[in-house]
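Data block below; observations after.
Coordinate-derived values only; no laboratory data. Note that the structure is predicted; figures quoted are calculated from it, not measured. Here Cβ is always computed from backbone atoms with ideal geometry, including for glycine, and neighbour counts include all displayed protein chains.
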Amino acid sequence: MNTEKKVGFITITKKDIIVVLSIIGIACIAFIVYLLIRFFNYRKAVKLFEDGEYLKAYEAFDALKEYKDSSEKIAEIKELLLQNATVGSNVYFGYYYIGDEKDNEKKGDILWKVLEIKDGKALLITTQNVYYSMWGQYDSYDKMPFWEDSMLRNYLNGNFYLNAFSDEERAKIVETVVKPDEDTRSDMFADALGKYDRPKENETVDKVFVLSISEAMKYFPTDESRKSSPTYYTVRCNKYMEPGLFHTTDLIHDECYSWWLRNKIDTKYEEHFNCYVTATGNIMRANSGNHAVRPVIWITLDD
C-alpha cells in the first residue's frame, strides 16, 4: 500500500521517500569512492617520491591539488630536482602561463631541460615552446633587426623575466654575456648564401635569451631532438596573432612548433635573415615573421 503524507501543498508518498534516500545513498557512496581514490592516489604519489621518481611524483601530487600536504611535497620535489640536476635532466623553475581548454591563462610551473652544468651553474631551456612572438619591427624579412634590438629580447628580459619568476628565483638567474654566433655562414646554407663582410653585431648582457645556431646544434645534435611541442597558451597566442593563416609543415607539424634562434645570416645579395628551428627540427632562415619561443637561462645551483 502506498502511504501518503501531505506537507503543505505537497503530497509525499513512500515511493518519493525511497527515491530521495536512494539518491542520497548513491551520492554518499560516490563521495566515499572519491575520497578513497584520492587517498590511494596520494599513497601512490608518496611511493613515487620515496623511490626517487621525482618527476612522476610531481605529476601525481599536482593532480591531487591541495589534498593533504601535496603542495608541500611539490615544493620539496622542485628543490630536490635542482639539487640533483644533471645534464639532460629536467627541473621545475618559475611559474608562467600554460593554459588549458577551460582557462587560456592558467598558470603552472615551468619545466626546463638542463643543457650544461659549469662552475655551480646550470644552463636551462624550456622543454616546450612557452610563447609565440614576432622578432621585431621591420619593413621586410631581409631587414629584421639584430638580437640586440629585437622585440623578442625585450619581451624575454622584461615581461617574461618579471612575471615568470619570483624574487627568490630572479636572484638565482645569472646575467649572461650573449655573444654573436660565429656560425653565420654554416655549410647548411652554402648553396643559398654567399660570403661578405656583415655589419658588426654587438654583445649583449641578458638574463634570458634564446639559442644560436651553433648552440642549438651542440645541445640538440639531431633534427628529432630539436623538435618542440607548444603549451596550450602558446597555441592560443599563435591563433590570436595569425588567425586563419595557413601554416606549412615548417611552422607546425605533428603537434610541434617552429622556434626562434638568435642568429643573423648573410646572403649573397647582402641581406640579413634571422634563423629558426622548424617544426620538423631543421634549421632555416626565417620566412615567417612569427615563431614560438624557448627561453634559455643560466641559474646558480649553490644555496
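Tell me the Kirkwood radius of the range 91-137: reciprocal of the mean inverse pair distance over distinct alpha-carbon atoms, in Å.
Taking every pair of different Cα atoms in the range 91-137, averaging 1/r and inverting gives 12.5 Å.
From largest to smallest, what semi-axes in whole angstrom does the range 30-135 give when each is the square root of 5 times an eigenvalue of its alpha carbon gyration tensor?
28, 20, 9
Among the listed pairs LYS68/LYS113; LYS106/LYS179; LYS106/LYS264; LYS47/LYS227; LYS179/LYS227; LYS47/LYS239, give every one whose C-alpha distance is greater than 31 Å.
Pairs exceeding 31 Å: LYS106/LYS179; LYS106/LYS264; LYS47/LYS227; LYS47/LYS239.
Neighbouring Cβ atoms within 10 Å as the yardstick, rank ASP16, ASP254 fewest first.
Neighbour counts put them in this order, fewest first: ASP254, ASP16.
Less than 27 Å apart at the alpha-carbon level, and either on another chain or at least 8 residues along: which lysines does that give for LYS15?
List returned: LYS5, LYS6.
Please report the base-10 log of the normalised intensity I(q)/I(0) for the range 1-84, using a Debye sum with one equal scatterer per alpha carbon and no solvent, at each q in 0.13, 0.14, 0.25 (1/Å).
Treating every Cα as an identical point scatterer, log10 I(q)/I(0) equals -0.56, -0.59, -1.09.
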